Every structure is written in C-alpha cells, then in structure tokens.
Amino acid sequence: MSFKGFMVATGIGQLSATIVYSYVGGMLAGGTKMLFTALLILFALAALAVLARQLYREHASRGKEGADAAPVLMLCQALSNLRVRLRHISYGDQGLFIERDLFFKAGMFPDAPLMEDFQFALNLKRLGEPLGMTKHRIRTSARDSTAL
C-alpha cells in the first residue's frame, strides 16, 4: 500500500472517531446530565466495538461454509450469542441440550402458548443452573424427515 493510500484510508477511518470524541469531550464540561449522556455514548460505542469484533471472529471462523450468510442473520446470531453469554438465557431454537433429570427438576417445558423455552430457561436460572454455550456448531437440516 502506498503512503498516500495509507494516509487517505487512515484519515477516513479516524474521521468518525474524531467527531465522536470531540462531541463527547465537549459534553463532559456540561454538568451531570451531559456527563451521564457522554458516558452512555462511550459505553454504547464500546459495546458496538465488542459486537463488531464478535461478528468478525464468527464470520472468519466459518470460512467458505458461511461466507454467503446474510449480514442481518449474522447480526441476529451475534446478538443471540451475546444474550446467552451475558444473561445465561437461551431459546429453544438455539439447541438446548440438558440432562433428563434436570429437565424434570426444572419443571419441563411449561404449558404455554408462546415462549415456553424462555420460561424453561428462566426456571433453570432460578435453580442455579444457568445455560452456557458450546464452541461447537450444531448442524440442522430443513429437510422434512417424514418425506424420506
């Protein structure tokens, strides 16, 4: 990469950060409300950076297999994974694996018209059995097994 190209790319990349830092820095001198808002913006930017890093790592680890994944679906996946890591709550479509005895101890899936998997995850959390995540992928198929 040429020096000129490097300088242009760096300037464009740092422009948004410079604007945000200047804005937040100006808010720090504006009293408690402005300070709180500035800290909230900085926290949101940090969370966005962590999410972007996670998206990049997951996309890079997929290689050719997931290279054609839609960006919106990648964002949904990253947000779901973040929810599981932070709150230890998972939904059924994320692949719940649990021992039989613990399944019954947690009250099985409640008889609810909607989000019974979420209620089940809350029951597990109340029992002190928060859900975690595996580093392995779960492969599924949309093929109807009754048609085989």
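What follows draws every value from the coordinates through simple rules; no lab data is involved. These numbers were taken from a predicted model, which means no experiment stands behind them.
Using 0.36 nm per residue and subtracting the Cα-Cα separation, the extra length available between Leu48 and Ala60 on full extension is 2.5 nm. The slack between Thr134 and Leu35, meaning 0.36 nm per residue of separation minus the straight C-alpha distance, is 31.7 nm.
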